[in-house]
1. Mind checking whether some residue in the range 287-301 is in a helix (DSSP H, G or I), touching a Pro at 6+ places or on another chain (Cβ under 6 Å) and not hydroxyl-bearing (S, T, Y)?
2. Check whether at least one residue in the range 261-278 is assigned to a strand (DSSP E or B), away from ligand 2 (no atom under 16 Å from the Cβ) and within 21 Å of the chain's Cα centre (by Cα), and report yes or no.
3. Which of the residues spanning the range 238-268 are open to solvent by 50 Å² or more (accessible area, probe 1.4 Å) and either touching a helix residue (DSSP H, G or I) at 6+ places or on another chain (Cβ under 9 Å) or within 14 Å of ligand 1 (Cβ to nearest atom) (or both)?
4. Any idea which residue in the range 195-211 is surrounded by the fewest Cβ atoms within 10 Å (Cβ to Cβ), counting only those that are closer than 13 Å to I178 by Cβ and not β-branched (V, I, T)?
5. Of the conditions (1) part of a helix (DSSP H, G or I); (2) open to solvent by 60 Å² or more (accessible area, probe 1.4 Å), H229 clears all except one; give me its number.
6. Just to be sure before I move on: is A152 in contact (Cβ under 8 Å) with a residue 40 or more places away in the chain, within 19 Å of the chain's Cα centre (by Cα), open to solvent by less than 40 Å² (accessible area, probe 1.4 Å) and outside the structural domain of S239 (by TED's automatic domain parsing) in the structure I sent?
7. Working only within the range 277-286, note down all residues that are out of contact with any helix residue (DSSP H, G or I) (no Cβ under 6 Å at 6 or more places or on another chain) and open to solvent by less than 10 Å² (accessible area, probe 1.4 Å).
8. Say we look at the range 301-339 and pick out the residues that are hydroxyl-bearing (S, T, Y) and in contact (Cβ under 8 Å) with a residue 24 or more places away in the chain; which of these is farthest from ligand 2 (Cβ to nearest atom)?
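The values are calculated or read from the model by the stated rules, or taken from the named source; none is laboratory data. Every value quoted in this text rests on a predicted model; they were computed, and no experiment measured them. Here the Cβ is made from the backbone with ideal geometry for all residues, glycine too, and neighbour counts use every protein chain on show. Side chains are part of the model used for accessible areas, which takes the heavy atoms of the whole protein and leaves out ligands, DNA and RNA. Shrake-Rupley method; radii C 1.70, N 1.55, O 1.52, S 1.80 Å.
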Amino acid sequence: MLSLPDRTRRGRAAAGYIAAMTVRAVSPDRLSHARTAAATAGIDALLVTPGPDLRWLTGYEALPLERLTCLVVPAEGESFLVAPGLEVPAVEASGVPGLGIEVVGWGETEDPYALVADRLATASRVGLANRMWAEQVLRFRAALPAAEQTLASDVLADLRMRKAPDEVDALRRAGQAIDRVHQRMAEFLVPGRSERDAGRLIAAAILEEGHQTVDFVIVGSGPNGASPHHEVGSRVLESGDAVVVDIGGTTPEGYCSDCTRMYALGEPPAEFREYFPVLHAAQLAACAQARPGVTAESVDAAARTVIAEAGFGAAFVHRTGHGIGVETHEDPYIVSGNTTVLEPGMAFSIEPGIYLAGKHGARIEDIVVLTGEGIERLNVTDRDVVGLPA
Ligand code: ZN
Ligand code: ZN
């Protein structure tokens, strides 16, 4: 998908407390690798509030509350998790205690920031979770005035980017789940039905096919397909529409899916039929380029060159892809300027698009994971335009 990470949060919120109560067992290696990497980076402690970093480190899907919950991972010494007293039962029911993390509950009249600061009195540099709220950042700054603040991604992005085999397995299952939804698209895309009504049915199918939350549903029909950020609207599907369907969710294991396919209700416009093969070739070119040892930006260039040489360069208005894992968008970004060298275990989308404003648009998106030599595609349904009854 192309939208902002906080849209993912909205999807989780809509799914409610089911996600929050899930116990996900994660490998204790993640915590120990984070500690070692923090020490190497000269960071005395990581401060991790609810969000993707906390989910990745502990499996704990904490509610994002104004009361402070914060995992503290010191470079030396034992990790502990500060949580509101009333959340302690939920913490204890999560995977946190199994990782040997001390749980420190705080009472309603206590200052949890002082509680953290007391234990980090000598810290000169702390890494804050990238999705930490501004209120928490500033209160930590006040509580730890001698500690320089940096981003936890200095340590965690590299670790999260290289997926362990259990994470690749989880992403593969997420890919299979979203593929099953795409295979049912004839049920949902019917002439005379609005994008919004089709989107509701697709959202239900995303849950039915094995996701725990719906993160986003994009149904861009006809001219709406030319807006990469279009979600669903009141437009009614018509005969002759090309339809962009970009959908994703999060599985009970905590890993995200994201896949775009193109559909046509009857015969799509001639111009669309002209550029779609270009897009398809561009997606194949990027997939052929992606392998260990090449840069992220070279994968973007592979897709962009094909589209530009066909004269549609100005219509490819976004980067070619993004990493995916416990967040829909994470490192590595497949974009010009990113010289990150790709390695086995990295997982990301390859999703070039061509968008003609006011007319129609197209995108093809697969999640791929780097193997020893090339890629494994985690989405395997037909990448050609899928014709549906008009
Ligand atoms: Zn997508
Ligand atoms: Zn995507």
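1. Step one: of the range 287-301, the residues in a helix (DSSP H, G or I) are 287-289, 296-301.
Pick out the ones that are also touching a Pro at 6+ places or on another chain (Cβ under 6 Å) and you get 296.
So of that shortlist, the ones also not hydroxyl-bearing (S, T, Y) come out as 296.
Yes, the range 287-301 contains a residue that is in a helix (DSSP H, G or I), touching a Pro at 6+ places or on another chain (Cβ under 6 Å) and not hydroxyl-bearing (S, T, Y).
2. No: zero hits.
3. Within the range 238-268, E238, P252, E253, E267 qualify.
4. The extreme case among them is E208.
5. (1)
6. Yes; evaluated as a whole, the condition is true for this residue.
7. Answer for the range 277-286, where residues must be out of contact with any helix residue (DSSP H, G or I) (no Cβ under 6 Å at 6 or more places or on another chain) and open to solvent by less than 10 Å² (accessible area, probe 1.4 Å): L279, Q283.
8. T339
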